[in-house]
Amino acid sequence: MKKRTSLLLLAAGLLLISCTKQEPVSAVIERGLQTATRQALLMAKELENQEDKFPKSVKPDGTLETSDYRWWCSGFFPGELWYLYENNPTPELKKYAEMYTQRVEPAKNLTNTHDLGFMLFCSFGNGYRIAQNPHYKDVLIAGAHSLATRYNPTVCAIKSWDSNKNVWQYPVIIDNMMNLELFTWASKETDNQMFSEMAHSHAMKTIENHFRPDFSSYHVVSYDAITGKAHIKQTHQGLSDESAWARGQAWGLYGYTMMARETGDKEYLEQACHIATFLMNHPNLPEDKIPYWDFNAPAIPDTPRDASAAAIMASALIELSQLDKGALGKQCLELAEQQIRSLSSPEYLAKPETNRYFALMHSTGHLPGNSEVDVPLSYADYYYVEALLRLKLILAH
């Protein structure tokens, strides 16, 4: 009897070990890429005959919400297609990547938006890196010149929004850090230091005014257009002006990690490390490492998550882990892997042919505005695929 009991306990122990053993991260990555590829191709075919449309989100009635090239998200779907083609270079993926990239081209002449980095560099930038189409380079350089028209040498930053002039004189949002990669690329490609100088001054101005002592950031800082000094600090899409809006923190982390990579400037690397430390050690970061829409949301845990913030964070943390070779870098990679595992689980990764053909569920766009709450978003998919490929590349080496 005692022997049988011992065998039962041993069997139970082995079962527990087998149940808790983690799936190899390589298998997680491949599952995510396969799902993203299948969904993206279905999406591409659905919108193929709508010559000016891009996937944006899902409407409250469950139908697909689209945009034209003028929406700030227009570059994400073609950029995702280029990433998927890079991973699996099939003629079908290339055809759709080229098709949807071409739809973004009119954005190169826009001067009424700061989002040209999102719009052009995610699409044409990835396309040029992968396919080396010389026309793509011309489009990117034209877009960089258009973006440069929004730079004010008194403020030393790129203006984000033209609206709400009765409240803000010269608003700059943390998201704008993401558009600086277009400038750093253009500076190298054209040997025009104007672009790199603009990127540097914008990044330094943002360090000076957007961040609190704990390295959380405001969403919007408005500057006096005459003196160049900050006069309003707010968090437009977060809970409150002093809260840590999740995606805003992710934009800052990604932006300074990118600037550290592009310039080799230690101050940018230090800033990225400080932001990463704030995020990874935040007491309100859930166990699955997918942030709530705002780190200070009062209804935690009964409040929406933001898978897009997690995807942006994961991609940035993976890259930061390769720039910081110490203990922090290791911690960054470990947390990013946790985020990838969570995003690739049934809780967040859609079943094929569901979710209106987006890959990820449960993102939050603008909760205070009751806009895009607990829905799929095109940029969540883009940064998820980017994070998968960055982690896959590390594993390959």
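For segment 365-383, name all the residues that are within 23 Å of LEU42 (Cα to Cα) and either buried (at least 20 other Cβ atoms within 10 Å of the Cβ) or modelled with pLDDT under 95 (or both). Selection gives GLU372, VAL375, PRO376, LEU377, SER378, TYR379, ALA380, ASP381, TYR382, TYR383.
Quick grid of which residues meet (1) charged (D, E, K, R); (2) in a strand (DSSP E or B); (3) surrounded by 24 or more Cβ atoms within 10 Å (Cβ to Cβ); (4) in contact with an Asp or Glu (Cβ under 8 Å, 6 or more places away or on another chain):
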{"site": "ASN176", "(1), (2), (3), (4)": "no, no, yes, no"}
{"site": "LEU182", "(1), (2), (3), (4)": "no, no, yes, no"}
{"site": "ILE207", "(1), (2), (3), (4)": "no, no, no, yes"}
{"site": "PHE215", "(1), (2), (3), (4)": "no, no, no, no"}
{"site": "VAL221", "(1), (2), (3), (4)": "no, yes, yes, no"}
{"site": "ASP241", "(1), (2), (3), (4)": "yes, no, no, no"}
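Scanning segment 282-334 for residues being over 27 Å from ASN370 (Cβ atoms) and in a loop (DSSP other than H, G, I, E, B) gives a total of 5. When the residues of segment 93-136 are filtered to those that are over 21 Å from GLU46 (Cα atoms) and among the small types (Gly, Ala, Ser), the one that is surrounded by the fewest Cβ atoms within 10 Å (Cβ to Cβ) is ALA131.
Those residues that are crowded, with 20+ Cβ neighbours inside 10 Å, under 12 Å from TYR357 (Cβ atoms) and not polar (S, T, N, Q), I need them from segment 33-55; list them, please. Once the filter is applied, which keeps residues that are crowded, with 20+ Cβ neighbours inside 10 Å, under 12 Å from TYR357 (Cβ atoms) and not polar (S, T, N, Q), segment 33-55 yields ALA36, ALA40, MET43, ALA44, LEU47, PRO55.
The values are calculated or read from the model by the stated rules, or taken from the named source; none is laboratory data. A quick note: this is a predicted structure, and the numbers were derived from the prediction, not measured. Ideal geometry is used to build each Cβ from the backbone, glycine not excepted, and the neighbour counts take in all protein chains shown.
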